[in-house]
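Participant: First, the structure itself, so that you have it in front of you.
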Amino acid sequence: GNSVTQMEGPVTLSEEAFLTINCTYTATGYPSLFWYVQYPGEGLQLLLKATKADDKGSNKGFEATYRKETTSFHLEKGSVQVSDSAVYFCALDDTGGFKTIFGAGTRLFVKA
Amino acid sequence: EAGVAQSPRYKIIEKRQSVAFWCNPISGHATLYWYQQILGQGPKLLIQFQNNGVVDDSQLPKDRFSAERLKGVDSTLKIQPAKLEDSAVYLCASSEDTNTEAFFGQGTRLTVV
């Protein structure tokens, strides 16, 4: 069945460090891929998405490229801030809608 | 614009008791979702409504869980009787339609002791 695997956390970085959170997926067909973020005490928010191979999603300095050949959708940011501390979820949807399958989440701590 | 509202924020009950959660989606959103998020895992869809009809409840444990959206607006999720393994955060989300972005509430954290 469809699934999402992302790197285990927590990930601890210093401010202005480079961030990569790995995500790979298993799916039939051509799913849409998403990154969601959950800040402390808040609900899940859609961070970025890509709907087809080689698409790059970007938002708030974060980027992820849909790699069909490696079935990956790694999240990157060139310079993290303390305010980026949150839990990040990689997700996919292969039905054309927003009934998504989520990864387990990766907690990011950014130190000042 | 008001977001998705959920209540209560926290609930502690003993096993075999009953519990209900409430969700008020964003005004005008036709699609409503309930997710279960167990600690250390990603959210898992329990049920999806389109207006007041059920679109998908394939992962809802129907022997103990029930959900309704009678007027196509707010929704309740009930567990009766609760088990220890039901301890989780229950997330409600809504979207304008089935193929548009979903917006999530803050969730209800349930602890079953």
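Participant: I need the full set of residues from the stretch B:64-101 which are in contact (Cβ under 8 Å) with a residue 60 or more places away in the chain, touching a Gly at 6+ places or on another chain (Cβ under 6 Å) and among the β-branched types (Val, Ile, Thr), in order please.
Facilitator: B:THR98
Participant: Looking at B:THR98, B:THR108, can you tell me which residue is on the phi < 0 side of the Ramachandran plot, in contact with a Pro (Cβ under 9 Å, 6 or more places away or on another chain) and within 14 Å of chain A (Cβ to nearest Cβ)?
Facilitator: Of B:THR98, B:THR108, the one residue that is on the phi < 0 side of the Ramachandran plot, in contact with a Pro (Cβ under 9 Å, 6 or more places away or on another chain) and within 14 Å of chain A (Cβ to nearest Cβ) is B:THR108.
Participant: For the stretch B:20-33: of the residues being within 14 Å of chain A (Cβ to nearest Cβ) and of a type in the set (A, V, I, L, M), which is surrounded by the fewest Cβ atoms within 10 Å (Cβ to Cβ)?
Facilitator: B:ALA30
Participant: Quick one: which of A:THR5, A:THR100, A:THR28, A:THR24 is more than 16 Å from the chain's Cα centre (by Cα), within 29 Å of B:LEU32 (Cα to Cα) and of a type in the set (Ser, Thr, Tyr)?
Facilitator: A:THR28 is the lone residue from the list that is more than 16 Å from the chain's Cα centre (by Cα), within 29 Å of B:LEU32 (Cα to Cα) and of a type in the set (Ser, Thr, Tyr).
Participant: Among A:GLY43, A:GLY78, which is within 23 Å of B:ALA93 (Cα to Cα) and small (Gly, Ala, Ser)?
Facilitator: None of the other options fit; the residue is A:GLY43.
Participant: Tally up the residues in the stretch B:89-112 that are of a type outside the set (A, V, I, L, M), buried (at least 16 other Cβ atoms within 10 Å of the Cβ) and assigned to a loop (DSSP other than H, G, I, E, B), please.
Facilitator: Residues in the stretch B:89-112 being of a type outside the set (A, V, I, L, M), buried (at least 16 other Cβ atoms within 10 Å of the Cβ) and assigned to a loop (DSSP other than H, G, I, E, B): 4 in total.
Participant: Which number in (1) loosely packed, with under 15 Cβ neighbours inside 10 Å; (2) within 10 Å of chain A (Cβ to nearest Cβ) marks the one condition that B:GLN80 misses?
Facilitator: It is condition (2) that B:GLN80 fails.
Participant: So which of B:ASP57, B:ASP86 ends up being open to solvent by 10 Å² or more (accessible area, probe 1.4 Å) and on the phi < 0 side of the Ramachandran plot?
Facilitator: B:ASP57
Participant: Of all residues in the stretch A:48-63, count the ones that are exposed (fewer than 12 other Cβ atoms within 10 Å of the Cβ) and among the polar types (S, T, N, Q).
Facilitator: Total satisfying the criteria: 0.
Participant: Looking only at the stretch B:26-49, count every residue that is under 9 Å from the mean Cα position of the chain (by Cα) and among the β-branched types (Val, Ile, Thr) and tell me the total.
Facilitator: 1
Participant: State the number of residues belonging to the stretch B:1-19 that are small (Gly, Ala, Ser), part of a strand (DSSP E or B) and away from chain A (no Cβ under 13 Å).
Facilitator: 1
Participant: Shifting gears a bit: Just name the residue that is farthest from B:SER95 (Cα to Cα) out of those in the stretch B:34-77 that are more than 10 Å from chain A (Cβ to nearest Cβ) and touching a Pro at 6+ places or on another chain (Cβ under 8 Å).
Facilitator: Looking at residues that are more than 10 Å from chain A (Cβ to nearest Cβ) and touching a Pro at 6+ places or on another chain (Cβ under 8 Å), I get B:ARG64.
Participant: List the strands (runs of 3 or more DSSP E) inside the stretch A:1-47, counting only whole elements, that have at least 3 residues being open to solvent by less than 20 Å² (accessible area, probe 1.4 Å) and under 20 Å from A:THR71 (Cα atoms).
Facilitator: Per the criteria, A:32-38.
Participant: Quick one: which strands (runs of 3 or more DSSP E) sit completely within the stretch B:39-84 and have at least 2 residues that are small (Gly, Ala, Ser)?
Facilitator: B:65-68
Participant: Which residues, counting only those in the stretch A:66-99, are touching a Pro at 6+ places or on another chain (Cβ under 9 Å), open to solvent by less than 10 Å² (accessible area, probe 1.4 Å) and either among the small types (Gly, Ala, Ser) or modelled with pLDDT under 95 (or both)?
Facilitator: Selection gives A:ALA86, A:ALA91, A:LEU92, A:ASP93.
The values are calculated or read from the model by the stated rules, or taken from the named source; none is laboratory data. Please read these numbers as outputs of a predicted model, since none were measured by experiment. Here Cβ is always computed from backbone atoms with ideal geometry, including for glycine, and neighbour counts include all displayed protein chains. Protein only, heavy atoms only, side chains kept; ligands, DNA and RNA dropped before computing areas. Shrake-Rupley method; radii C 1.70, N 1.55, O 1.52, S 1.80 Å.
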